[in-house]
1. Between a residue in the range 108-122 that is under 18 Å from Pro141 (Cβ atoms) and of a type in the set (D, E, K, R) and any residue that is assigned to a helix (DSSP H, G or I) and open to solvent by less than 70 Å² (accessible area, probe 1.4 Å), which pairs come within a Cβ distance under 9 Å, given they are 6 or more apart or on different chains?
2. Can you tell me which residues in the range 164-179 are assigned to a strand (DSSP E or B) and either in contact with a helix residue (DSSP H, G or I) (Cβ under 9 Å, 6 or more places away or on another chain) or among the hydroxyl-bearing types (Ser, Thr, Tyr) (or both)?
3. Restricting to the range 151-165, count the residues that are under 19 Å from the mean Cα position of the chain (by Cα) and either surrounded by 14 or more Cβ atoms within 10 Å (Cβ to Cβ) or at negative phi (or both).
4. Among all residue pairs at least 6 apart or on different chains, which show Cβ distances below 8 Å where the first residue, located in the range 41-66, is farther than 12 Å from Arg82 by Cα and assigned to a helix (DSSP H, G or I) and the second is among the basic types (Lys, Arg) and open to solvent by less than 30 Å² (accessible area, probe 1.4 Å)?
5. Can you list residue pairs whose Cβ atoms sit under 8 Å apart, with the first residue in the range 205-217 being touching a residue at least 24 places away in the same chain (Cβ under 8 Å) and outside any helix (DSSP H, G or I) and the second being of a type in the set (Asp, Glu) and open to solvent by 80 Å² or more (accessible area, probe 1.4 Å)? Count only pairs 6 or more apart in sequence or on different chains.
6. May I ask you to list the residues in the range 124-139 that are under 19 Å from the mean Cα position of the chain (by Cα), open to solvent by less than 30 Å² (accessible area, probe 1.4 Å) and more than 16 Å from Leu100 (Cβ to Cβ)?
Amino acid sequence: MNNFQLEALLNAELKPEQVKDYSPNGLQVQGRDNVQTIVTGVTACQDLIDKAIEYQADAILVHHGYFWRGEPQSIRGMKYQRIKMLIENGINLYGYHLPLDIHPTLGNNAQLAKRLGIEIIGGLEPNNPVSIPVYGKLSTPMTLSQFEQQVATILSRPPLVIDGGQTTRIETVGLCTGGAQDLIDLAAAQGMDAYLSGEISERTTFSAREQGVHYFAAGHHATERYGVKALGEWLADHHGLTTHFVDIDNPA
């Protein structure tokens, strides 16, 4: 498949025009014209580039690409080394950030909710048809410790848990993968029993305790593994491309 045709295909599925983002979505670094083998991963770090070279991949597809708003514009140091390796090896880099978070079936939120047994009902952002955070119900209500164990088992790492204190039974859960800890206030406003995201800030503890919402910080990387993996599998199953998901270990 032509590299620009692949971008058009991904854009048609993920619809990046629906959201305002912090980085460009789509083809970020141009490589060879024809794409057959793709390495997928969460972040376009050097280790992932090295694996793509090992696989002789034509492209890398990630959730966290390059050229973030507010970062230095000069291409030097770590950024230079990464881009240099991509160009020297003819590897295309595709990055999709918020569009991959919110996709109703392939997205990070949807994929994590499915694994945790949460049936998504709607968005947490009022009157926003493309709400980034979502909410739903557990197929089977759980105690705080039971849900904590469920998250730890699915993600292969224990979450950091803040006990909101007001209920011992969790049924409704707000969810937003990655660095979305401050959206706990939306979960509280809509009466969620719990809210799960990737990261935690110092202030998040008090938001959870004072608003009576159990908070689960399950890891930015860990909560965002599944969207790009599902997207790669979709490309393989529906469009005949060869994809390899590579999970570069990251405890954060």
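1. Every condition considered, the pairs that remain are Lys114/Tyr226; Arg115/Ile154; Arg115/Leu155; Arg115/Tyr226; Glu119/Ala113.
2. Hits for the range 164-179 are Arg169, Ile170, Thr172, Val173, Gly174, Leu175.
3. Here is the first cut: in the range 151-165, the residues under 19 Å from the mean Cα position of the chain (by Cα) are 151-160.
Filter again for either surrounded by 14 or more Cβ atoms within 10 Å (Cβ to Cβ) or at negative phi (or both), leaving 151-155, 157-160.
Adding up the residues that qualify gives 9.
4. Note: no pairs meet the criteria.
5. Every condition considered, the pairs that remain are His214/Asp163.
6. Leu124, Gly136
The values are calculated or read from the model by the stated rules, or taken from the named source; none is laboratory data. As the structure is a prediction and not an experimental result, all values here were calculated from the model. Ideal geometry is used to build each Cβ from the backbone, glycine not excepted, and the neighbour counts take in all protein chains shown. Keep in mind that these areas ignore ligands, DNA and RNA; they rest on the heavy atoms of the full protein, side chains included. Shrake-Rupley method; radii C 1.70, N 1.55, O 1.52, S 1.80 Å.
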